[in-house]
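Please read the structure below before turning to the comments.
The values are calculated or read from the model by the stated rules, or taken from the named source; none is laboratory data. No experiment lies behind these values; they were computed from the predicted model shown. Neighbour counts run over all protein chains shown; Cβ positions are idealised from the backbone, glycine included. To get the accessible areas, we keep the full protein, side chains included, count just its heavy atoms, and leave off ligands, DNA and RNA. Shrake-Rupley method; radii C 1.70, N 1.55, O 1.52, S 1.80 Å.
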Amino acid sequence: MSETASVGCPECDLLGEVPSLVPGQRARCARCGYVLAVCYDDPYARAWSFSVAALVVLAIAFSFPFLSIAAAGVTNSMTLVQTVLYLSQYGADGIAVLVSIFVILVPVLMLVFIIALATALRADRFHPLLMAPTRWLFHLNGWAMVEVFAIGVIVSLVKLAAMARVSLGPSFWAYLAFTGLFLLAFSSMDRLTVWRDIERITTKTRPESGKG
Amino acid sequence: MTTAREAGFDVCHTCLALSASGSGHCVRCGAHIHPRIPDSLQRTVALLIAAIVLYVPANLLPIMTTDQFESSQDSTIIGGVVILWNMGSYPVALVILIASVLVPIGKILTVAMLCWTVGRHLPVSPRQRTTLYRITEFIGKWSMVDVFVVAILVALIQITGIIVIRPGAAALAFAGVVIVTMLAAESFDPRLLWDDEPEKPDE
């Protein structure tokens, strides 16, 4: 971030000035300690790389078994898609929809938005169509439950270990990698940095505006 | 220390920009903005009541059913914790107990307490209440763990004729509790915690 920005704290309403930060620094609200901005070195390259890597490992997680179980001489394995399919097969459509939204749809949408936004901003460009997805990105975050599902897999594993032989498939490891990469990708997109860059780019392209 | 409201601005929750108060939309990102979330306390309390109502079937109905050979057995959330505990899987039993029982109840009580202190203008430290609010917001989605465990077990344990696990009605009710309490935390405006703060000189 190049210059001081006047901001308001969204959690306590205090006015504040965020000074120019160097990579690794973060700015907090003087009264309530809310993190107003975090500065990364080349944030868009970072966000782009983590997002693309996250989508690649997610594709792997979709393609192979997650867990498999051997009991009474029979084995059965489970894939990510099956978690949703079996639920709806037993009439639990509501849960099937919720699992798809929180574990797959919301995270994938966020990654697509991050890739589009990071590509544009790194090239110092912006398209008005990106405005709404950028707003959504910062609100969707609370509803992405990637890390919760990862813990769910581990809990299931321990739950079953006592009664059957459970083995981990390639997707289990791919999904753990996806969890880490997803969290890194989103955290790279600091909202103050993003919105100030959008503001700078959009006012620069409008010649009549002499602001800045 | 000046607040945005005293200076005649509304803070944008999406991009932190300051816009003239009452303008309705953020000057920078176009998001809807309000000086404070409208009817924050009423909305939050309504969602908390909905969460308490859903919490009853979530605990009374089975969260999943296990069909083993000829017999079938329903298990509730608490029943699952007891079985795990008796099996000796203490850490997992504790994870489920905390995520499925203590966290939802704790969240409902905490947010209700925050609404009460704001409604009554009680002089409780805004900083401590903000910390409580942040913990509530952060742990919200972790309660969903039990629902995901059901989804995983149902997909994995499908050995027809030997053992099959089916999802139960409590799973949806419990997911409802988690979603509604998350919405309650979201509709609570933490700025209300600071609005009664007396003017203090800068230190």
All positions within segment B:93-114 that are closer than 25 Å to B:Gln42 by Cα and open to solvent by 50 Å² or more (accessible area, probe 1.4 Å): B:Leu102, B:Ile105, B:Leu109, B:Met113
Scan of segment A:11-53 for residues that are more than 27 Å from A:Ala120 (Cα to Cα) and not charged (D, E, K, R), ordered by number: A:Cys12, A:Leu14, A:Leu15, A:Gly16, A:Cys29, A:Ala30, A:Cys32, A:Gly33, A:Tyr34
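Evaluate segment B:29-44: report whether one residue or more is more than 14 Å from chain A (Cβ to nearest Cβ), in contact (Cβ under 8 Å) with a residue 40 or more places away in the chain, buried (at least 19 other Cβ atoms within 10 Å of the Cβ) and in a helix (DSSP H, G or I).
yes
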Every residue from segment B:1-23 that is of a type in the set (Asp, Glu) and open to solvent by 10 Å² or more (accessible area, probe 1.4 Å): B:Glu6
Whichever residue in segment A:25-60 is out of contact with any helix residue (DSSP H, G or I) (no Cβ under 9 Å at 6 or more places or on another chain) and within 14 Å of another protein chain (Cβ to nearest Cβ) and, among such residues, is surrounded by the most Cβ atoms within 10 Å (Cβ to Cβ): A:Cys29
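Tell me yes or no: at least one residue of segment A:169-176 is open to solvent by less than 40 Å² (accessible area, probe 1.4 Å), more than 14 Å from chain B (Cβ to nearest Cβ), closer than 18 Å to A:Val52 by Cβ and among the hydrophobic types (A, V, I, L, M, F, W, C). It would help to see each step written out before you state the result.
From segment A:169-176, those open to solvent by less than 40 Å² (accessible area, probe 1.4 Å) are A:169, A:171-172, A:174-175; that's our starting set.
From the residues that got through so far, the ones that are more than 14 Å from chain B (Cβ to nearest Cβ) too are A:174.
Still in the list and also closer than 18 Å to A:Val52 by Cβ: A:174.
Narrowing the set further to residues that are among the hydrophobic types (A, V, I, L, M, F, W, C) leaves A:174.
Yes: one or more hits.
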Residue match in segment B:178-185 (condition: of a type outside the set (S, T, N, Q), more than 11 Å from chain A (Cβ to nearest Cβ) and without any contact (Cβ under 8 Å) to a residue 12 or more places away in the chain): no
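Hey, does segment B:187-202 have a residue that's closer than 30 Å to A:Ile69 by Cβ, open to solvent by less than 30 Å² (accessible area, probe 1.4 Å), assigned to a helix (DSSP H, G or I) and at pLDDT 90 or above?
no
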Selection count, segment A:61-83, where residues are over 18 Å from A:Ile154 (Cα atoms) and either buried (at least 16 other Cβ atoms within 10 Å of the Cβ) or aromatic (Phe, Trp, Tyr) (or both): 1
Residues that are open to solvent by 60 Å² or more (accessible area, probe 1.4 Å) and of a type in the set (A, V, I, L, M, F, W, C), drawn from segment A:1-24: A:Val22
Subset of segment A:119-137 that is open to solvent by 50 Å² or more (accessible area, probe 1.4 Å) and within 12 Å of chain B (Cβ to nearest Cβ) - its residue that is farthest from B:Ala171 (Cα to Cα): A:Pro128
Leading residue by the ranking (farthest from the other protein chains (Cβ to nearest Cβ)) among those in segment B:51-92 that are open to solvent by 40 Å² or more (accessible area, probe 1.4 Å) and of a type in the set (Val, Ile, Thr): B:Ile52
Meets criteria (among the β-branched types (Val, Ile, Thr) and touching a residue at least 24 places away in the same chain (Cβ under 8 Å)) for B:Ile108: yes
Condition check for B:Ala20: more than 7 Å from every other protein chain (Cβ to nearest Cβ) and among the aliphatic types (A, V, I, L, M): yes
Residues of segment B:3-38 classified as out of contact with any Asp or Glu (no Cβ under 8 Å at 6 or more places or on another chain) and farther than 25 Å from A:Thr193 by Cβ, total: 4
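Residue-wise test of (1) closer than 28 Å to B:Glu70 by Cβ; (2) more than 7 Å from chain A (Cβ to nearest Cβ); (3) not aliphatic (A, V, I, L, M).
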position: B:Gly119; (1), (2), (3): no, yes, yes
position: B:Arg129; (1), (2), (3): no, yes, yes
position: B:Tyr133; (1), (2), (3): no, yes, yes
position: B:Ile139; (1), (2), (3): no, yes, no
position: B:Gly168; (1), (2), (3): yes, yes, yes
position: B:Ala175; (1), (2), (3): no, no, no
Test result for B:Ile165, in contact (Cβ under 8 Å) with a residue 24 or more places away in the chain and assigned by TED's automatic domain parsing to the domain that holds B:Leu60: yes
Any hit, segment A:138-148, residues being open to solvent by 30 Å² or more (accessible area, probe 1.4 Å), more than 22 Å from B:Leu183 (Cα to Cα) and either more than 8 Å from chain B (Cβ to nearest Cβ) or touching a residue at least 60 places away in the same chain (Cβ under 8 Å) (or both): no
Yes/no for B:Cys26 being closer than 20 Å to A:Pro128 by Cβ and more than 8 Å from chain A (Cβ to nearest Cβ): yes
Flag if A:Ile101 is at pLDDT 90 or above and either open to solvent by less than 20 Å² (accessible area, probe 1.4 Å) or at the interface with chain B (Cβ under 8 Å from one of its Cβ atoms) (or both): no
